[in-house]
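Here is the structure we will look at, set down as structure tokens.
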Amino acid sequence: MTRSKLREELFKLLFRTEFVSKEELPEQKELFFEDSGMTDEEKTDVSRRFDDIISKLETIDGMLNEKVTGWNIERIGKAELTILRLAVYEIDYDDRVPTGAAINEAVELAKKYGQDNSSSFVNGVLAKFA
């Protein structure tokens, strides 16, 4: 799979965290990977990144709350919040992903999964991290 497709799969897995408890995440991860079509190497990479994001979620949310002027993360749509969390993780914690690529990929995910103006919102928030 391409990096963009793997990022999209990671987004889909992260999105589940909005609807289940932390105790259910291991089972959700197993269910997600069952028919994913990913290689074992891809599953390992997505799983590692997922676990790392979950472990840093409180910090990432704090960073987002500092940057979203006039908003807080409770007001952000679930898809947009998941996209922002993934992008902030890539910008601040994943040295393999250039900042510009993380922002561009987040905007593309917002166009695909977010509401009408989501891509502009996501771009504006992430520009503050660049």
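The values are calculated or read from the model by the stated rules, or taken from the named source; none is laboratory data. Only a predicted model underlies this, so the values are computations on that prediction, with no experimental measurement involved. All Cβ positions, even for glycine, are placed from backbone atoms using ideal geometry, and neighbour counts span all protein chains on display.
Per the listing V20, V97, the residue uniquely part of a loop (DSSP other than H, G, I, E, B) and surrounded by 14 or more Cβ atoms within 10 Å (Cβ to Cβ) is V97. Here R75 does not fit the description of being exposed (fewer than 15 other Cβ atoms within 10 Å of the Cβ) and under 14 Å from the mean Cα position of the chain (by Cα). Taking each residue of region 109-121 that is of a type outside the set (A, V, I, L, M) and looking for partners that are part of a loop (DSSP other than H, G, I, E, B) and surrounded by fewer than 13 Cβ atoms within 10 Å (Cβ to Cβ) with beta-carbon atoms closer than 7 Å, six or more apart or interchain, yields nothing. Contact map, region 9-21: residues that are under 16 Å from E105 (Cα atoms) paired with residues that are assigned to a loop (DSSP other than H, G, I, E, B), Cβ distance under 8 Å, separation 6+ or inter-chain. Pairs shown: E9/M1; E9/S36; E9/M38. The set of residues from region 100-117 being buried (at least 19 other Cβ atoms within 10 Å of the Cβ) and modelled with pLDDT under 95 comprises just one member, G114. Out of L81, L86, L13, one residue alone is over 22 Å from A127 (Cβ atoms) and among the aliphatic types (A, V, I, L, M). It is L13. From the list F32, F11, the lone residue that is closer than 20 Å to I91 by Cβ and aromatic (F, W, Y) is F11. So in region 63-77, with the set limited to residues that are assigned to a helix (DSSP H, G or I) and either of a type in the set (A, V, I, L, M) or at pLDDT 95 or above (or both), which one is farthest from F121 (Cα to Cα)? Among residues in region 63-77 that are assigned to a helix (DSSP H, G or I) and either of a type in the set (A, V, I, L, M) or at pLDDT 95 or above (or both), the one farthest from F121 (Cα to Cα) is M63.
For beta carbons closer than 7 Å, sequence separation of 6+ or different chains, a first residue in region 47-76 that is among the hydroxyl-bearing types (S, T, Y) and a second that is not in a loop (DSSP other than H, G, I, E, B), the qualifying pairs are S47/K29. Checking each residue in region 1-49 for being more than 22 Å from A79 (Cβ to Cβ) and among the aromatic types (F, W, Y) picks out no residue at all.
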